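Any read-out appearing in this document is the output of simple, stated calculations on the displayed coordinates, not a laboratory observation. Remember, it's a predicted structure, so these values are computed and weren't measured experimentally. Note: ideal-geometry Cβ built from the backbone for every residue, glycine included; neighbour counts use all protein chains shown.
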Amino acid sequence: MTTAITSAGELAAYIRQTVQEAPITDMHTHLYAPEFGNHLLWGIDELLTYHYLVAEAFRWTDTDEPYEQFWTLSKSEQADFIWKKLFLAHTPLSEAASGVLQVLHTMGLDVGSRDLNAYRRQWADRSPQQQIDAVFRLAGVQEVVMTNDPFDPAERALWLNGHGKEDTRFHAALRVDPLLNNWEEAVLALLQMGYQVETAWTEQTIKETQRFLREWVLRMDALYLAVSMPGDFRYPAADHRTRMIDDVMIPICQELDIPFALMIGVRRQVNPELKLAGDMSMLSDVSSVESLCRKYPQQKFLVTMLARENQHELAVLARKFRNLMVFGCWWFLNIASIIEEMTALRIELLGTSVIPQHSDARILEQLIYKWGHSREIIAEILIEKYSKLQRVGWTATREEIKRDVDDLFSRNFWRFLGKSR
Ligand code: FIX
Ligand code: ZN
């Protein structure tokens, strides 16, 4: 029995409810399963010292105040500093600052008290597992994909000791930026790990780097291979990146049948004094992604770009290549005004064949506000689009709306991986 919705008000209400209840697969985060120990960041002090807020707090310091003064503080002292600067001395209007308050509110805390120590006491007797269960429930997140780095000795040791796959809500993605962006350093690390490589691009180096990727994809059961690159990435080019992509990464992704995720447009460490907060965005070259999609029509590419100015061209490119799946409103784009702009243009150009959002959460509780704001914005855009159809006599059924929403928030990702959900 189909259940078409004929009234505009009923349609809007049903879409809001369906989006609010949609189970989410968050396909790019910096979260870790509990067995990764301190790699998993959670709690109010971690929320307040999120690198987005560090950057914003420094804007309220005098130019003669040494950055080092902040970095020598303890985690809770850093959180106190940021709380004073961004929440008490100034109103927390920014996306990242207001997000902290959204988390406190959703967790049922008394936001109006403005009592940071009272908030801290709320976390005092919680375990990571309990907090993961609570936050996943509050955020409506079902599964997340981690960002797993075998070049990080601490994480590498956990995987080599058989950890990493105990909590099935956490999936792995193999992240290998050094292979593309810092080959000299990567060679030293690969040699230490027992791979017989050298800086020169020899047959043996190619084979051994392939072996590295193959072994780690299989060890992690990685859903995709991921790299981030600066906007000056060009493909094809007579350079190391093209050789690494052509000779190593694509062959392994093809052999193991996994997508290749490209996150393009970051200019790392423009202000190293800010540490993790010191990265910048830059324009990217969409035609390089076009060349990759055309050269490798069987290879699936998950692509997100960091510059707002690239979004329309990237969405148009996705119309040309079915092996290209654009995803997320990445990093500096994950703000209400741009999520709205990007989601509208993507749906207008691609319909529902897109992954509109990922959270990029670094701290567990961020899932609550990052998905809270995205659900609201995406729902309003869908209401406008379905209402337009209703006005000309196309009445989507409840089942069709739920199908479309589940595609956007989860199934498009799994289908692109070739795994049903
Ligand atoms: O390269 C990435 O995965 C970026 O998302 C991070 O480097 C960045 O710090 C971040 O977390 C942005 O949201
Ligand atoms: Zn990220």
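List the residues, sorted by chain then number, that are 5 or more residues from R268 or on another chain and whose placed amide H is less than 5 Å from its amide H.
M280
Using helices alone, I'd like the mean residue ellipticity at 222 nm for the chain: each DSSP H run of four-plus residues gives -39500 (n - 2.57), total over residue count, nearest 500.
-14000 deg cm²/dmol
Based on the Kirkwood radius over alpha-carbon pairs, what value in µm²/s does the Stokes-Einstein equation return for the translational diffusion coefficient of region 203-314 at 4 °C and 1.567 mPa s?
For the chosen part, D equals 86 µm²/s.
Amide H of V326: which non-local residues (sequence gap of 5 or more, or other chain) have their own amide H closer than 5 Å, using H built in the peptide plane?
The answer is V303, I355.
Report the Cα centroid-to-centroid distance between region 75-133 and region 379-409 in angstrom, as an integer.
What the calculation gives is 36 Å, centre to centre.
One quarter of the convex hull surface, Cα atoms only: what value does that give for region 1-95 in nm²?
It is 11.0 nm².
Listed highest first by mean packing, meaning other Cβ atoms within 10 Å per residue, what order do 62-70, 297-305, 124-132, 143-151 come in?
Ranked from most to least packed, the peptides come out as 143-151, 297-305, 124-132, 62-70.
Any of K300/K320; K295/K419; K295/K320 with alpha carbons more than 18 Å apart? Name them for me.
From K300/K320; K295/K419; K295/K320, over 18 Å: K295/K419.
What per residue convex hull volume, in Å³, do the alpha-carbon atoms of the chain yield?
For the chain, the hull spanned by Cα atoms encloses 159 Å³ per residue.
With a/c under 1.5 counting as rounded, go ahead and sort region 354-421 into rounded, prolate or oblate using the C-alpha gyration tensor (a ≥ b ≥ c being the square roots of the eigenvalues; past the cut-off, prolate if a/b is larger than b/c, else oblate). Intermediate results must be reported in sequence, preceding the final value.
Working: a/c = 3.11, a/b = 1.49, b/c = 2.08.
Taking the square roots of the gyration eigenvalues as a ≥ b ≥ c, region 354-421 is oblate.
Give the shape of region 198-268 as rounded, prolate or oblate, defined through the alpha-carbon gyration tensor: a ≥ b ≥ c are the square roots of its eigenvalues, a/c under 1.5 means rounded, and otherwise the shape is prolate if a/b is larger than b/c and oblate if not.
Judged from the Cα gyration tensor, region 198-268 comes out oblate (a/c at least 1.5, b/c at or above a/b).
Can you tell me which of 187-195, 246-254, 96-104 comes out highest on packing, and rank the rest after it, using the mean Cβ neighbours within 10 Å?
On the way: 187-195: 15.9, 246-254: 19.0, 96-104: 20.8.
Packing order, densest peptide first, comes out as 96-104, 246-254, 187-195.
Work out the length of the dipole vector of the chain about its Cα centre, built from +1 on the beta-carbon of each Lys and Arg and -1 on the beta-carbon of each Asp and Glu, and round it to the nearest 20 debye.
Numbers: 45 positive and 57 negative charges, 257 e Å.
With only Lys, Arg, Asp and Glu charged at Cβ, the dipole is about 1240 debye.
Just the number, please: percent antiparallel of the DSSP beta bridges in the chain, rounded to the nearest 5. Provide the component values of the computation, followed by the final result.
Details: 3 of 26 bridges.
Taking every DSSP beta bridge with both residues in the chain, the antiparallel ones total about 10 percent.
Show me the three semi-axes of the equivalent ellipsoid for region 83-218, from the C-alpha gyration tensor (sqrt of 5 times each eigenvalue), largest first, rounded to whole Å.
Largest first, region 83-218 gives 42, 19, 13 Å.
List the aspartates and glutamates whose Cα sits under 19 Å from the Cα of K165, skipping any in the same chain fewer than 8 residues away.
D26, E35, D133, E143, D149, D152, E155, E215, D221
Starting from the Cα gyration tensor of region 291-421, take the square roots of the eigenvalues, sort them a ≥ b ≥ c, and report rounded, prolate or oblate (rounded when a/c is under 1.5, otherwise prolate if a/b is larger than b/c, else oblate). Spell out each step's value before the answer.
On the way: a/c = 1.42, a/b = 1.13, b/c = 1.26.
Rounded shape, in that the Cα axes give a/c under 1.5.
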